2 protein chains.
Amino acid sequence: MSDSLVSEMQEYLKKTKNYLDNNLIPFWVVNAVESRYGGFQTNYDRNGKRTDITEKSFLSQCRSIFTISHAMRLGFNWPNGEQVLKQGIEFLFENFRDNENDGYYWIVEEDGKPKDVNKIIYGHSFLIYGLSEYALLTGNDEAKNEAIRIFDLLQEKVADPKDKGYFEHFDQCFNLKGARGDIGTHKSLDVHMHLMEAFTTLYELTHAENHKQALVEVIDLIFDKMVDQDTGTGMAMFTNDWEPISNVELDTVWGRDRFDEDGKATDITSYGHNIELTWLYLHAQDVLGIPREKSLDRVVPIYNHTYEHGVDWKYGGLYVEGKRMGAATEVTKEFWQQAEAMIGFLDAYLVTGDKKYLEAFSNIHDFVFEKMINWEQGEWFALLAEDGELIWDYMGTSWKVFYHTIRGTCQVIKKIEKIINKDQV
Amino acid sequence: MSDSLVSEMQEYLKKTKNYLDNNLIPFWVVNAVESRYGGFQTNYDRNGKRTDITEKSFLSQCRSIFTISHAMRLGFNWPNGEQVLKQGIEFLFENFRDNENDGYYWIVEEDGKPKDVNKIIYGHSFLIYGLSEYALLTGNDEAKNEAIRIFDLLQEKVADPKDKGYFEHFDQCFNLKGARGDIGTHKSLDVHMHLMEAFTTLYELTHAENHKQALVEVIDLIFDKMVDQDTGTGMAMFTNDWEPISNVELDTVWGRDRFDEDGKATDITSYGHNIELTWLYLHAQDVLGIPREKSLDRVVPIYNHTYEHGVDWKYGGLYVEGKRMGAATEVTKEFWQQAEAMIGFLDAYLVTGDKKYLEAFSNIHDFVFEKMINWEQGEWFALLAEDGELIWDYMGTSWKVFYHTIRGTCQVIKKIEKIINKDQV
């Protein structure tokens, strides 16, 4: 690396650290805890005021626990963090856990009364992820044992022994159901990627053979069935036996994806999911003790596709989605994809040494710091138009939690430090 | 100072800083902001959970604004502090200010609806104090102008031109009223001491002649009428023309003092108010530019009375109250007196050089750190028995705000630093 590149990366490091410590974490330190009934509340408008939505989603609780634990485990300061986490875990166990039918409810009222009692596996993956990270931070055995217990529950009730992988949507009594009225059951990349992430952290915690095996299996499944290695693109939805199908809006959602009536054809790919997959996968390999070099054929095609088609070289930022072979079809800029792309492109430089990926990183970092961050508050806006104009201006919802933004900002700091240190060795 | 004394004070300094940064401020950073409707919420139980009380008191809003501004102005870190203060000021102006009848309401519901529309001067003194401190921190003109406007309002509607001083309780339309059904109007040391504190900070902000004059007048009134300089003790309540009367429970209260039916005779004095008065008074002299040495005859008798009768040399801590000539009569240990006594005794050492006051400081600091702080949460318990057993276990109410504990802890740090530096010069 040239001296000028080193000093450019040092400048990004400084800006990012400063932003994390003085803007982003402080916003959530003040706002994340809901002290009336306990747990976390992430529904905030553009001005940092609570919106009218008072529910608490399973996802927001699990992701808050993960994110605060993660920031602290990486050495960042979260005032009162241990106490904040403790009360969050208590609220979660007390109000979401269904002691009769097992598993955890999907949504509760702010006081903890159940509101949507379905059992959604996407949420359970974040439960394992959050509890494992918390146990790694604190050594807490109750959290560790619960993460293990939920892993076992997934193997027993959710895994598909016939075609492999995991189903997604269940009713309160863990009866499998379709994710919306008119389609049968399905499987998805989204859920399997987050299960990979969860099993990685669980295995990091336990080093148990069965956790390792489940992690390796889900990784192989993703790259065998859900990612096309020639184009370096993921597909979203599948039949139970892994035929790609159109990606449609589900009855139970955990985000605000935009769908036509017919859904999205199988030739549409999500740049954000693809690039997120690369760094989560390499992290899993690190935890498994497998050298990164062995994974180049899996990640490089994704890097290249994202670099060539996902990055907006005119206005900056990462597009939402596009053709698996061809150009972007949705050119808005959503918050979470920017976070994942910053990490992914730094990783791409770390494993390939190709400087073009640092250009992609800078492009997205500049876009985020110039357009996406609401500097008045510290958190990111939800959605911008191609040119950066504001579309969705809120700071958080039950689904837009601070998981992507804080994890992303922390990881950017750690990856840049690695790049600078590597260069100095 | 001997080397061993210096290293002892350095040890207290380290412990106190560590506690402030890692326990006390973090608790309130997380809990003080009420993000649903804005403003501050200080009703928390022993476990740091919100209690059922949802009202917002004028006092809690003003004291929160003062305290956060004060901590920041002294250089302590309050994550997101400017944003937190800004929303607090907005909630205050929007919901407490009575644009028709002037002045500010006493209590509003959590959403800002008026609940108790009386105009209480104790609260207005903290409004001037809080807004002035905020303006000193930020340079904000709106806050400065409002502090000045409320000062003028007090001179116009609340001051007693005949017998001097200020009345205390008014209805919504600023009609003077008795503080409870069966007694007429009265004046009190408590309110005048806090007006002195408010006028000090206002004068520090404006350097205006009329603010200086009002400050000097209230100081002289306190030492002429309300403090007995022979015994070094304050009296609590007075007729309009300054005859001491029994201290009785009022209809409108801003604390949880314990009263018999007959109230407290005029020979009962509050150790906490006495020692608080000394350091607030010396701070006023500093701001007025009057050398501290000129005040020895006013403060030393109070130091000695508090040292001899107020400090519990067996169990530690400061008693609540006792005979002006004689022993303690209420030997419980309440939170705020401990904070004020720590500051007062450090000041006593600074102005007299007498090491016995450092012993009194250590006594109380040890008691606070061993018994009063709820280490699980970071804030102090409200009331302990003589031997330190827990009586009131909550962290905050509409009246127990974090003003005494945080200001006290910040000031202890600043005073110890002064002691150590003075010694090294």
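A few notes on this one:
- Candidates B:Phe91, B:Phe96, filtered to the one that is of a type in the set (Phe, Trp, Tyr) and closer than 20 Å to A:Tyr44 by Cα: B:Phe91
- For the range A:72-90, filtering for residues that are in contact with a Lys or Arg (Cβ under 8 Å, 6 or more places away or on another chain) and within 14 Å of chain B (Cβ to nearest Cβ) leaves 1.
- Number of residues in the range A:28-46 that are more than 20 Å from the chain's Cα centre (by Cα), facing chain B (nearest Cβ under 8 Å) and either of a type outside the set (Val, Ile, Thr) or part of a strand (DSSP E or B) (or both): the value is 6.
- All conditions in (1) part of a helix (DSSP H, G or I); (2) at positive phi hold for B:Ser295, with the sole exception of (2).
- Within the option set A:Gly326, A:Gly317, being at pLDDT below 95, away from chain B (no Cβ under 14 Å) and over 24 Å from A:Asn421 (Cβ atoms) holds for one residue only, A:Gly326.
- Of the criteria (1) within 14 Å of chain A (Cβ to nearest Cβ); (2) crowded, with 22+ Cβ neighbours inside 10 Å, which one B:Lys400 fails: (1)
- Within the range A:405-425, being closer than 24 Å to A:Thr42 by Cα and open to solvent by 10 Å² or more (accessible area, probe 1.4 Å) holds for one residue alone: A:Gln411.
- All positions within the range A:91-114 that are more than 14 Å from chain B (Cβ to nearest Cβ), touching a helix residue (DSSP H, G or I) at 6+ places or on another chain (Cβ under 9 Å) and not acidic (Asp, Glu): A:Leu92, A:Phe93, A:Phe96, A:Arg97, A:Gly103, A:Tyr104, A:Tyr105, A:Trp106, A:Ile107, A:Val108, A:Lys113, A:Pro114
- Against the test of being within 29 Å of B:Phe223 (Cβ to Cβ), among the aromatic types (Phe, Trp, Tyr), without any contact (Cβ under 8 Å) to a residue 60 or more places away in the chain and surrounded by 14 or more Cβ atoms within 10 Å (Cβ to Cβ), the options B:Tyr129, B:Tyr166 yield a single qualifying residue, B:Tyr166.
- Scanning the range B:242-285 for residues that are assigned to a loop (DSSP other than H, G, I, E, B), modelled with pLDDT of 95 or more and open to solvent by less than 50 Å² (accessible area, probe 1.4 Å) yields a total of 1.
- If the condition is being open to solvent by 20 Å² or more (accessible area, probe 1.4 Å) and acidic (Asp, Glu), then the range B:68-118 contributes B:Glu82, B:Glu90, B:Glu94, B:Glu100, B:Asp102, B:Glu109, B:Glu110, B:Asp111, B:Asp116.
- Those residues of the range B:378-396 which are within 14 Å of chain A (Cβ to nearest Cβ) and open to solvent by 10 Å² or more (accessible area, probe 1.4 Å), in sequence order: B:Tyr394
- A:Phe167 meets all of the listed conditions (1) within 25 Å of A:Val253 (Cβ to Cβ); (2) touching a Phe, Trp or Tyr at 6+ places or on another chain (Cβ under 9 Å); (3) not polar (S, T, N, Q) but one, namely (2).
- If the condition is being in contact with a strand residue (DSSP E or B) (Cβ under 9 Å, 6 or more places away or on another chain) and not hydrophobic (A, V, I, L, M, F, W, C), then the range B:401-425 contributes B:His404, B:Thr405.
- Test for B:Lys333: is it surrounded by fewer than 19 Cβ atoms within 10 Å (Cβ to Cβ), basic (Lys, Arg) and out of contact with any helix residue (DSSP H, G or I) (no Cβ under 6 Å at 6 or more places or on another chain): no
- You will find that of B:Val412, B:Val425, B:Val351, B:Val368, the residue that is farther than 25 Å from B:Glu34 by Cβ and at pLDDT below 95 is B:Val425 and no other.
- Of the residues making up the range A:302-355, those that are under 25 Å from A:Val401 (Cα atoms), among the aliphatic types (A, V, I, L, M) and not in a loop (DSSP other than H, G, I, E, B) are A:Val311, A:Leu318, A:Ala339, A:Ala341, A:Met342, A:Ile343, A:Leu346.
- Which listed residue, of A:Phe76, A:Phe91, A:Phe66, is assigned to a helix (DSSP H, G or I), modelled with pLDDT of 95 or more and farther than 28 Å from A:Ser188 by Cα: A:Phe91
- The range B:47-67, subset buried (at least 24 other Cβ atoms within 10 Å of the Cβ) and more than 16 Å from the chain's Cα centre (by Cα), residue nearest to the other protein chains (Cβ to nearest Cβ): B:Gly48
- Some residue of the range A:100-109 being under 21 Å from A:Val29 (Cα atoms) and either at pLDDT below 95 or of a type in the set (Asp, Glu) (or both): no
The values are calculated or read from the model by the stated rules, or taken from the named source; none is laboratory data. As the structure is a prediction and not an experimental result, all values here were calculated from the model. Glycine also receives a Cβ, built like all others from the backbone with ideal geometry; neighbour counts cover every protein chain displayed. The accessibility values were calculated without ligands, DNA or RNA, using every heavy atom of the protein model including side chains. Shrake-Rupley method; radii C 1.70, N 1.55, O 1.52, S 1.80 Å.
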